[in-house]
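Below is one structure; the comments refer to it alone.
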Amino acid sequence: MNTHPCHAAIQRPLTVGILGGGVAGATVALRLADLGINTLLIEASDGLLNGPPICHLHAGGNLYREISDSQCLTLLRQSIDSVRAYPHSINRRPTVIAIPTSDKGDANALLPRLKQVTQEYRRLVAMDPANKVLGEPDDYYRCYTREQFVALAKLPLPSKATSHDDWLIPLAHSLDPDSLKFPLILVQEYGWSLFRMAATATLALQDSPHCQLLLNTRATELEQLPDGWLINTTSAANVSTADATQRHKVDFLINACGFRTGLVDDMAGFRRQRLVEYKAAYVAHWQTRGDWPEVIFHGPRGTPTGMAQLTPYPNGVFQLHGMTDQITLFKNGLVASSALSAQPQLPQPYQNQIDQGWQTDDVIARTQGAIDHMARILPAFASATVAGKPLFGAQQIPGSDPSLRAADVSFEGSHYARVEIVKASSALTAADRIVVQLASLGWLRWDWLEQAWLRWDGLNEVFSDIEQEQQAPRLSPQLSLTQIYSATQVEALALRLAHSRGYPGALALIRAEA
């Protein structure tokens, strides 16, 4: 039985409807159901977290040279919260940031940001030891000189990586130091398993007495009422029966439809400026030895030498990103909303891929392109082979700045919210801001809410340059609904989800901790 203390803080009966069961909708549903709030979660597909690829925690934002330091600090804080909300979802291995000699960047330019992020991580751990989810703060990052890198290349591969040096040895064996600028930076930005997140959310929400989960169900019409919304839905499971169409009354409506958020905004009669970007990541198999870190080879976005990202999984499976129009990015794949609709319109071929899947020729051609892109810098990777279909989808970005990475939620009136996350780690922040909104409407007692917030002294000083809406107070990120499942339970369901969706089981496996 859920005995969360918030149950006594609910002033009167409340039902929240959520459209969309991706990482945004599922995380908000977890937060609300964990607080004892009746939640109706409506998802058009047959499972939760069935959207764009997630593979990296972004705990510090070091993949993005172009974003502000304030966004990096926001991503750090949100990532720590997300790890605590989704136990057993993290692949604990470091990330190496490398700058090829062909790139105009300077590795030393990242150091001031890394020092700032380390300082803040140290503060957060001091305030709450449970925040130490990225290893020891003093080990958050380490720089390697050329001489140190060359020396590592002379050492044998360890049977298991137990130190920073161990993680770098496979890279030192495989990379020509003349192709890199130094220092190389090893940072505790971990991997994130989409399938173990999906498994965690599925287990928790299916078992929660406070969440009604409707899969294979699509909202077809919305009607705004003075005190809430009516949602008309159609269920694919009952399409030929009288039960196919149903009506649901909710007090508060949350639009968490990912890149389709604009369609619901149109249905609700709201206008909102946003971008949508179509992206894909690719799955390859590479016969190699040693425990590999994730590796980021920086490069100018959208050019033939754009950033290359190598994400390792067990059993020689790797996920690949290449920030070129022929790999992860797509020509004309970034589109904007218009004055006539809040929904940006992707080119029809990309929409067809989202709706119907990829043709085999496209899978092979673009995955091979990703392999070749990585092999430019890591020649041994040329022997890698296609290991499965791409992970693909479209990402929404509120507003008009395509470099925005830290965003969470916006509101229309008193009974409507849209969750507009760019990175998965922002979902819990969005959920907590929605809880504040519900309290302001009188459904939750403010006196309880004020006592429940985590009080982090000095937060406003540290984040004084962040927009006020990104400084929302936060409840404890640990959710009682997700804490009760073991790593074995989560991994078992994650494997079933990966296989049912046509992906290698390695993407769901837990990598052993160092």
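The values are calculated or read from the model by the stated rules, or taken from the named source; none is laboratory data. Since this is a predicted model, take the numbers as computed values, not measurements. As a convention, Cβ positions derive from the backbone with ideal geometry for all residues, glycine included, and neighbour counts pool all protein chains shown. These accessible areas exclude ligands, DNA and RNA; they are computed on the full protein's heavy atoms, side chains included. Shrake-Rupley method; radii C 1.70, N 1.55, O 1.52, S 1.80 Å.
What's the local net charge at Gly369, with K and R +1, D and E -1, over the other residues with C-beta under 12 Å away?
Values: positive: Arg366, Arg376; negative: Asp325, Asp362, Asp372.
Value of the local net charge: -1.
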Isotropically averaged projected area of the chain, using the convex hull of Cα atoms (one quarter of hull area), nm²: 23.2
Taking only protein heavy atoms and a 1.4 Å probe, what accessible area per residue, in Å², does region 104-195 have with all protein chains in place? 45
Per-q log10 I(q)/I(0), region 299-389, q = 0.14, 0.21, 0.22, 0.26 Å⁻¹ (Debye; single scatterer per alpha-carbon; no solvent): -0.59, -1.08, -1.15, -1.35
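Mean residue ellipticity at 222 nm from the helices of the chain, using -39,500 (n - 2.57) per DSSP H segment of n ≥ 4 over the full residue count, to the nearest 500 deg cm²/dmol? Write down the numbers at each step before the final one.
Numbers: 14 runs with 154 residues, N = 514.
So the helix-based figure for the chain works out to -9000 deg cm²/dmol.
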What's the magnitude of the charge dipole for region 89-207 around its Cα centre, counting Lys and Arg as +1 and Asp and Glu as -1 at the beta-carbon? Answer in Debye, nearest 20. 60
For region 275-298 and region 139-186, what is the separation of their Cα centres, given in Å? 19
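Taking 29 Å as the cut-off for C-alpha to C-alpha distance, list the pairs among Lys104/Lys423; Lys115/Lys423; Lys181/Lys389; Lys132/Lys331; Lys160/Lys423 that go past it.
Working: Lys104/Lys423 27 Å; Lys115/Lys423 23 Å; Lys181/Lys389 34 Å; Lys132/Lys331 41 Å; Lys160/Lys423 31 Å.
The pairs that break the limit, which is 29 Å between Cα atoms, are Lys181/Lys389; Lys132/Lys331; Lys160/Lys423.
Once you sort the root eigenvalues of the Cα gyration tensor of region 54-110 as a ≥ b ≥ c, which label holds: rounded (a/c under 1.5), prolate (a/b larger than b/c) or oblate (the other case)? Each step should come with its number before you reach the end.
Working: a/c = 3.42, a/b = 1.74, b/c = 1.96.
Here region 54-110 falls in the oblate category.
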Using the Cα atoms of region 342-395 to build a convex hull, what is its mean projected area in square nanometres? 4.8
Largest-first ellipsoid semi-axes for region 182-269, taking √(5λ) over the Cα gyration tensor eigenvalues, angstrom: 35, 19, 14
By Kyte-Doolittle mean hydropathy of at least 0.5 and Cα axial length of at least 15 Å, which whole DSSP H helices of the chain are selected? 23-34, 194-207, 427-440
Do me a favour and compute the ellipsoid semi-axes for region 215-339 from its Cα gyration tensor, root of five times each eigenvalue, largest one first, whole Å. 41, 21, 13
Most to least packed among 333-345, 256-268, 178-190, 380-392 [average Cβ atoms within 10 Å]: 256-268, 178-190, 380-392, 333-345
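Sort largest first and round to whole Å: the equivalent ellipsoid semi-axes of region 334-437, each the square root of five times a Cα gyration tensor eigenvalue. Could you put the intermediate results ahead of the total?
Details: eigenvalues 247, 67, 32 Å².
After scaling each eigenvalue by five and taking roots: 35, 18, 13 Å.
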To the nearest 20 debye, what is the magnitude of the charge dipole of the chain about its Cα centre, counting +1 on the Cβ of each Lys and Arg and -1 on the Cβ of each Asp and Glu? 540
Give me the compactness ratio for region 83-185, meaning the Cα radius of gyration over 2.2 N^0.38 Å. 1.21
With every protein chain kept in place and ligands, DNA and RNA left out, what is the accessible area per residue of region 280-375? Probe 1.4 Å, answer in Å². 41
Positive-end residue of Leu32, Gly502, Leu340, charge dipole of the chain with Cβ unit charges: Gly502
If I model a spin label as a point 7 Å beyond the Cα along the Cα-Cβ vector, how far apart are those points for Arg247 and Phe411 in nm? 2.8
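Tally up the carbon and sulfur contribution to the accessible surface of the chain as a whole percent, 1.4 Å probe, everything protein left in place.
Details: 9910 of 19950 Å².
The nonpolar share, carbon plus sulfur, comes to 50 percent.
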In nm, give the distance between the simple-model label positions of Ala236 and Val150, each being 7 Å from the Cα along the Cα-to-Cβ direction. 5.8
So, by mean Cβ neighbours within 10 angstrom, what's the order for 484-496, 203-215 with the highest one leading? 203-215, 484-496
Under 5 Å between amide hydrogens, which residues at least 5 positions from Leu444 or on another chain qualify, with H placed 1.01 Å from N in the peptide plane? Gln11, Ala439
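Over the chain, what relative contact order in percent results from Cα pairs under 8 Å that are six or more residues apart? Please report the intermediate quantities before stating the final value.
On the way: 1073 pairs, mean separation 114.3, N = 514.
It comes to 22 percent, rounded to a whole number.
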With the contact rule set at Cα under 8 Å and sequence spacing of 6 or more, what percent relative contact order holds for region 239-391? 28
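Sort region 121-274 into rounded, prolate or oblate with this rule: let a ≥ b ≥ c be the square roots of the eigenvalues of the Cα gyration tensor; rounded if a/c is under 1.5, and if a/c is not under 1.5, prolate when a/b is larger than b/c, oblate otherwise. Provide the component values of the computation, followed by the final result.
Numbers: a/c = 2.83, a/b = 2.73, b/c = 1.04.
It is prolate, given that a/c is not under 1.5 and a/b is the larger ratio.
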